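*Asks:* Pasting a structure here, questions to come.
Just so you know, all these numbers are worked out from the coordinates, no wet-lab data involved. Small disclaimer: the values here were computed from a predicted structure and weren't measured. Every residue, glycine among them, receives a Cβ derived from its backbone with ideal geometry; neighbour counts consider all protein chains shown.
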Amino acid sequence: MTVSVIDDVFNHTLSAYAISTAWETGLLDRLDGSEAPVDLRDFAREQDLDAPSVEAVARGLALAGIVALDPEHRFAEPGPQFAETMAKKGFFYWLTRGCGELFTTMPELIRTANRPDGFTVRRDYKAIGLGARDAGFSYVDPAFYRIVAERNLRCGADLGCGSGERLIKLAGQDPEFRGIGVDFAAGAVALATESVARAGLADRISVVHGDATAMEHRPEFDQVDFVCTFMMGHDLWPREECLTSLKLIGEAFPAATDLIICDTYRSDLPSTDRHPVFTLGFETAHAVMGQMIPSLAEWKDVLAEAGWNLADVVDFDLPPYTALMHLTRERTHG
């Protein structure tokens, strides 16, 4: 029987779901931490999972070379693609869990009759936060922590804080650090609140509901010396709305001298090119949501008018087409 490229597309779709399932159920971590092949039946029993389902998940991983299975599909060990999968698993979780409902309902969502002004698309923001946290740890976060340390910043607000992990890590490194997590999604607020409490940092980190596109001043914001936002700056666009939002952010945090925006920008890749992980999914999801994704040049253009000085731009290979933009200004209060 001949297997075509389209057959591979179908099967590798299952592999994508298998990656998310294997991560959430702990199978990827077990494989990563085990010196011997993992007995899938024992793993299923220990985790109270259905053994045939675990075997099916493992077969989906094996199809893409992520694991290697014995002939009876009883034992699994890391395959040639395992290390890269571990590095990129957060992107698959974003795709299949965070945006799963968006993609399964895309036939309805793209009909103009279903897209009135102000329409919303359901996504799992807790899953998005977990996926983004995993993807950011290895690639984006080190550049961010370096800036915070070099600038001696001690009180930060994270807009669209997701899981709250960046503030938690900063507080763990510096006993004087204080932070405020701000998120519009109830699921993300709940996730960050749980994470902060679990870390024993509720006395130094607070989590509040707020809209980064229309920030309003609160008394506790007066102590903030830097504002950061990760992977949601595109929510401020289009251009004129972005200018307004950046102005409101500046007014809401009058003492902030630094603004750090890390976001994925529009790739403008030809449709015939091979796309790296995340890029096509990110641009497709936001097209369906009716959200513009600016290019890096468009970002730089609007920032030049927003009352901040562009101090540095750090471009990343992973996530692809993602940049950290560090802006500064003189202290305007206190």
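*Asks:* Ignoring everything except DSSP H segments at least 4 long, calculate the 222 nm mean residue ellipticity for the chain; use -39,500 (n - 2.57) per segment, divide by total residues, nearest 500.
*Replies:* Numbers: 14 runs with 147 residues, N = 334.
The helix contribution divided over the chain gives -13000 deg cm²/dmol.
*Asks:* So what is Rg over Rh here for the chain, counting just Cα atoms and using Kirkwood for Rh? Intermediate values should be presented prior to the final figure.
*Replies:* On the way: Rg = 21.5 Å, Rh = 21.5 Å.
Rg/Rh: 1.00.
*Asks:* Given 0.36 nm per residue, what is the gain on full extension from A311 to E240 after removing their alpha carbon distance, in nm? Working shown, then result.
*Replies:* Values: separation 71, 0.36 × 71 = 25.56 nm, distance 2.23 nm.
Separation in residues times 0.36 nm, less the Cα-Cα distance, equals 23.3 nm.
*Asks:* Within the chain, what is the longest stretch that has no trypsin sites (Lys or Arg not before Pro) placed in a DSSP loop and near at most 12 other beta-carbon atoms within 10 Å? Intermediate results must be reported in sequence, preceding the final value.
*Replies:* Numbers: sites that count: R111, R122, R274, R331.
So the longest stretch without any such site is 123-273.
*Asks:* Taking the Cα centroid of the range 156-187 and of the range 79-154, what is the distance between the two, rounded to the nearest whole Å?
*Replies:* Taking the Cα centre of each part, the range 156-187 and the range 79-154 sit 17 Å apart.
*Asks:* Could you state the angle between the C-alpha long axis of helix 82-93 and the longest principal axis of the C-alpha atoms of the chain, as a value from 0 to 90 degrees rounded to the nearest 10?
*Replies:* 60 degrees
*Asks:* Additional query: Taking the Cα centre of the range 20-85 as origin and charging only Cβ (+1 Lys, Arg; -1 Asp, Glu), how large is the dipole, in debye to the nearest 20?
*Replies:* So the dipole magnitude of the range 20-85 works out to roughly 160 debye.
*Asks:* About its Cα centre, what dipole magnitude does the range 61-124 give when the only charges are +1 on Lys and Arg Cβ and -1 on Asp and Glu Cβ, stated in debye to the nearest 20?
*Replies:* Values: 8 positive and 8 negative charges, 59 e Å.
With only Lys, Arg, Asp and Glu charged at Cβ, the dipole is about 280 debye.
*Asks:* A further question follows. Could you list the chymotrypsin sites (Phe, Trp or Tyr not before Pro) in the range 117-164 that lie in coil according to DSSP, counting only those with at most 10 other Cβ atoms within 10 Å of their Cβ?
*Replies:* Numbers: sites: F119, Y125, F137, Y139, F144, Y145; in loops: F119.
When the chymotrypsin sites (Phe, Trp or Tyr not before Pro) of the range 117-164 are filtered for loop state and at most 10 Cβ neighbours within 10 Å, F119 remain.
*Asks:* Placing one identical point scatterer on every Cα of the range 24-142 and ignoring solvent, what is log10 I(q)/I(0) from the Debye formula at q = 0.14, 0.15, 0.18 Å⁻¹?
*Replies:* Ignoring solvent entirely, the Cα scatterers give -0.72, -0.79, -0.99.
*Asks:* ³J(HN,Hα) across the range 60-72 via Karplus (A = 6.51, B = -1.76, C = 1.60, θ = phi - 60°), whole Hz, x for Gly/Pro?
*Replies:* Once θ is set to phi - 60°, the couplings for the range 60-72 become x, 5, 5, 4, 9, x, 7, 10, 10, 10, 6, x, 8 Hz.
*Asks:* Hey, another quick one. List the aspartates and glutamates whose alpha-carbon lies under 13 Å from that of K169, not counting same-chain residues fewer than 8 positions away?
*Replies:* Cross-link targets: D141, D158.
*Asks:* Mind listing the phi-derived Karplus ³J(HN,Hα) values for the range 222-234, rounded to whole Hz, using 6.51, -1.76 and 1.60 with θ = phi - 60°, and x for any glycine or proline?
*Replies:* Rounded to whole hertz, the list is 5, 8, 6, 9, 8, 10, 10, 8, 10, 6, 9, x, 5.
*Asks:* May I pose another question? Using the basic label-point model (7 angstrom from Cα toward the beta carbon), what is the D222 to N114 distance in nanometres?
*Replies:* Each label point lies 7 Å from its Cα, and together they span 4.9 nm.
*Asks:* Moving on. Which whole-angstrom value gives the distance between the alpha carbon centres of the range 10-65 and the range 242-278?
*Replies:* Cα centroid of the range 10-65 versus Cα centroid of the range 242-278: 36 Å apart.
*Asks:* Turning to a different aspect of this structure: Using only alpha carbon positions, build the gyration tensor of the range 5-86, then give the equivalent ellipsoid semi-axes as the square roots of 5 times its eigenvalues, largest first, whole angstrom.
*Replies:* Values: eigenvalues 73, 37, 28 Å².
That gives 19, 14, 12 Å for the three semi-axes.
*Asks:* Rounding to the nearest 20 debye, state how big the charge dipole of the range 124-328 is about its Cα centre with +1 on each Lys and Arg Cβ and -1 on each Asp and Glu Cβ.
*Replies:* Numbers: 16 positive and 31 negative charges, 81 e Å.
Magnitude of the dipole: close to 400 debye.
*Asks:* Can you list the aspartates and glutamates whose alpha carbon is less than 15 Å from that of K89, not counting same-chain residues fewer than 8 positions off?
*Replies:* Answer for K89, where 15 Å is the Cα cut-off: E24, D29, D32, D134, listed by chain and number.
*Asks:* Please list, or write none, the lysines whose alpha carbon is within less than 16 Å of the alpha carbon of K300, excluding same-chain residues fewer than 8 places away.
*Replies:* Cross-link targets: K247.
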